[in-house]
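Below you'll find the structure, written out as structure tokens, and then a few comments.
The values are calculated or read from the model by the stated rules, or taken from the named source; none is laboratory data. These figures come from a predicted structure and were not determined experimentally. No Cβ is skipped: glycine too gets one built from the backbone with ideal geometry, and neighbour counts run over all protein chains shown. Note: accessible area is taken over every heavy atom of the protein model, side chains too, but ligands, DNA and RNA are not part of it. Shrake-Rupley method; radii C 1.70, N 1.55, O 1.52, S 1.80 Å.
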Amino acid sequence: MPVRAIRGAVQVGANQSTAILEGTSELVAEVMTRNQLTPADVISVVFTATPDLNAEFPALAARKLGFQDVPLLCCTEIDVPGAA
């Protein structure tokens, strides 16, 4: 069975649950479509967010898209002073 890593990124306009869920849903749907994948093809997903985005777990968006049996992990990016 082939194993691949796929990376994607999205920006959200506000630290609000709806903004985080909508942005994450859009990203996950696009990655899945472009790579012709279904949740059954995915072995795990790691979501990262900047420290200012804490109003919702991005993984919730994936759960709502059918990732019921996929291990999902949410992490915070390191807050390096002066970084973008």
Which listed residue, of ALA29, ALA55, ALA14, ALA19, is outside any strand (DSSP E or B), under 26 Å from MET1 (Cβ atoms) and open to solvent by less than 50 Å² (accessible area, probe 1.4 Å):
ALA29
Against the conditions (1) at positive phi; (2) assigned to a strand (DSSP E or B), where does GLN36 fall short? Just the number, please.
(2)
Note on ALA62: of the conditions (1) open to solvent by less than 90 Å² (accessible area, probe 1.4 Å); (2) touching a residue at least 40 places away in the same chain (Cβ under 8 Å); (3) not hydroxyl-bearing (Ser, Thr, Tyr), unmet is (2)
Taking the stretch 66-79 and keeping residues outside any strand (DSSP E or B) and open to solvent by 80 Å² or more (accessible area, probe 1.4 Å) leaves GLN68, ASP69, GLU77, ILE78, ASP79
Unmet requirement for GLY82, which otherwise passes all of (1) part of a helix (DSSP H, G or I); (2) of a type outside the set (A, V, I, L, M); (3) modelled with pLDDT under 95
(1)
Considering only the stretch 39-49, I want to know if a residue exists there that is among the small types (Gly, Ala, Ser), open to solvent by less than 90 Å² (accessible area, probe 1.4 Å) and touching a helix residue (DSSP H, G or I) at 6+ places or on another chain (Cβ under 9 Å).
yes
